[in-house]
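Chemist: Handing you this structure, nothing more for now.
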Amino acid sequence: MKRREFITLIGGVAAWPLAVRAQQTVMPVIAFINGASAVASAHYAAAFRNGLNETGYIEGKNVTVEYHWLEGQYDRLPSLLADLVRLGVAVIATPGSTPASLAAKAATATIPIVFGVAEDPVKLGLVANLARPGGNATGINFFLTEAVAKRLGLLRDLVPAAVRIAVLINPSNVVTTEPALREVQRAASALGLQIQIFNASTGPEIETAFATISHERADALFVAPDAFFGSRRVQLATLAARNGIPASYATRDYVDAGGLMSYGTNIADSFRQVGVYAGKILAGAKPAELPVTQSTKFELVINLQTARALGLEVPSGVLLAADEVIE
C-alpha cells in the first residue's frame, strides 16, 4: 500500500466517529423538566415518550430527550433554564410542574414551551388565551387546584367524624401551594372544618411534620398537590398508616402506594399529551396556534385495604361514587 493511500485510509477511519457524532447532534433535543425524582416518576416519563411516539418521534432514533429531575429543589430552575436557553434546545417540556413552566416562560420568548400545569395558564401568564395561546408556550391544564374543595369534601364524607384536618404543603413550591391553600381554607370554612398547616420540603421534614401531626392528634390529613410530594408518596402513605391518620391525596399514585384515597385528573395522560404537543412542534406546528387542552375526567380512587387497617368503614355513597376501589 502506498504511503498516501495509507494516510487517506487512516484519516477516513479517524473521521468516521466524528461523522457519527455529527449525525447524532442533528437530532432535535427536548429538555424535559419535572419537580419530582426519576425513579418515582418513571411511568410519567414513559407516558411522555408514548405521546412523542404518537407523532412519529422515537427517543434515541430521531429525537433526544434530556431529563432534568428537580427532586423538589425548585431554586435550581433559573440556572438550569439559562443553560438550556444558551444551548438552544428545540423544545422545553415542563409536564406536571408549574414552577418549571413559569421559569421557562421567564427565560425565553423564542424556544417553544409545552407545559402541564394545575392552575389556569391564562392567569399564570403563560398564554394569552386558551384557544390561541399567541406566544411560544402551550400545553395542558389538569385542574388539580380546582379539585381541592371537592377532595376535602370527599375526605369529610369518608371520615364523617373528622373535624381537625392537618394540611401538608410544600412552601418551596409557592405557585402551586398558595392557590391550593386558599381553596382548602375556603372549603374548610364552608364545611365547618378546622385546619392546621404543616410545612415540608424534604424527606426529613416530612418525618418531622408527621410527628407533630400525630402529637396534635389531627383527625385526618390533606396533602396539597405537589410534584415533590408525589415522588415521596411511599413515605407519605407509610407514615400515614403508621400514625393511623386517614389521608387524602391529589393523584391515584398515592393510593397505589397504600394511601387511603385520591381525587383528581389522570396525570399520566397529561404527560402523554405534553409529549404529543412536543412532537407536533418538532414537526413544524407553532405553539401560538396549538390550543391549550384541558383535562375533563376526574377520578376518585379508594384503597379498601388501607381503610380496613385504619378501622374505617367506607360509606356506601363514597364507594358508589368511586371510579376504582382497590381491594
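Chemist: Please provide three numbers in whole Å: the alpha-carbon extents of segment 192-264 along the principal axes, with the largest listed first.
Modeler: That works out to 30, 27, 20 Å along the principal axes.
Chemist: Taking Rh as the Kirkwood radius computed over C-alpha pairs, what is the Stokes-Einstein D of segment 232-327 at 25 °C in a medium of viscosity 0.890 mPa s, expressed in µm² per second?
Modeler: Translational D for this selection: 162 µm²/s.
Chemist: What number in nm² do you get for segment 19-92 if you take the convex hull of its Cα atoms and divide its surface by four? Let's see the in-between values first.
Modeler: Working: hull surface 21.6 nm².
Result: 5.4 nm².
Chemist: Using only the alpha-carbon atoms, what does segment 116-172 span along each of its principal axes? Please give whole angstrom values in decreasing order.
Modeler: 49, 25, 14
Chemist: Here is a follow-up. When the distances between all Cα atoms of segment 154-193 are binned every 5 Å from zero, what whole-number percent does each bin get?
Modeler: 5, 21, 28, 21, 14, 8, 1
Chemist: Another question, then. For Ile281, what charge total do you get from the other residues with a beta carbon under 14 Å from its beta carbon, if Lys and Arg give +1 and Asp and Glu give -1?
Modeler: Summing Lys/Arg as +1 and Asp/Glu as -1 gives 0.
Chemist: Follow-up question, since we're still on this one. Rounded to the nearest 500, what is the 222 nm mean residue ellipticity of the chain from helices alone, with -39500 (n - 2.57) per DSSP H run of 4+ residues and division by all residues? Kindly include the intermediate steps, with their values, before the conclusion.
Modeler: Values: 14 runs with 151 residues, N = 327.
When only DSSP H runs of four or more count, the value is -14000 deg cm²/dmol.
Chemist: When you take every Cα atom in segment 247-297, what is the radius of gyration, and what is Dmax, the widest Cα pair distance, in Å?
Modeler: Spelled out, the Cα radius of gyration and Dmax of segment 247-297 are 15.0, 45 Å.
Chemist: For the cross-link pairs Lys123/Lys297; Lys105/Lys150; Lys123/Lys150; Lys150/Lys280; Lys61/Lys123, which exceed 32 Å when the distance is taken from alpha carbon to alpha carbon?
Modeler: Lys150/Lys280; Lys61/Lys123
Chemist: Okay, moving on. In µm²/s, what is D for segment 67-212 at 10 °C and 1.306 mPa s, where D = kT/(6 pi eta Rh) by Stokes-Einstein and Rh is the Kirkwood radius from Cα pairs? Please report the intermediate quantities before stating the final value.
Modeler: Numbers: Rh = 17.0 Å.
Translational diffusion coefficient: 94 µm²/s.
Chemist: Between Gln196 and Val29, what is 0.36 nm times their sequence separation minus the Cα-Cα distance? Round to one decimal in nm.
Modeler: Value of the extension gain: 55.7 nm.
Chemist: Turning to a different aspect of this structure: Ordering Lys123, Lys105, Lys280, Lys286 by how much accessible area each has at a 1.4 Å probe, largest first, what is the list?
Modeler: Ranking Lys123, Lys105, Lys280, Lys286 by accessible area, largest first, yields Lys123, Lys286, Lys280, Lys105.
Chemist: Work through the residues other than Leu126 whose Cβ is under 14 Å from its Cβ and net out their charges, Lys, Arg +1 and Asp, Glu -1.
Modeler: +1
Chemist: Could I ask something else about it? Scan [x] 43, 21, 18; [y] 30, 21, 19; [z] 38, 26, 20 for the value of semi-axes √(5λ) of the Cα gyration tensor in Å calculated from this model and give just the label.
Modeler: Structure-derived value, by its label: [x].
Chemist: Starting with the highest mean, order 169-176, 265-272 by the number of other Cβ atoms within 10 Å, averaged over the residues of each peptide.
Modeler: Working: 169-176: 20.4, 265-272: 22.5.
Most protected by this proxy first, the peptides run 265-272, 169-176.
The values are calculated or read from the model by the stated rules, or taken from the named source; none is laboratory data. A quick note: this is a predicted structure, and the numbers were derived from the prediction, not measured. Methodologically, a virtual Cβ is constructed for each residue, glycine included, from the backbone with ideal geometry; neighbour enumeration extends over all protein chains shown. Side chains are part of the model used for accessible areas, which takes the heavy atoms of the whole protein and leaves out ligands, DNA and RNA. Shrake-Rupley method; radii C 1.70, N 1.55, O 1.52, S 1.80 Å.
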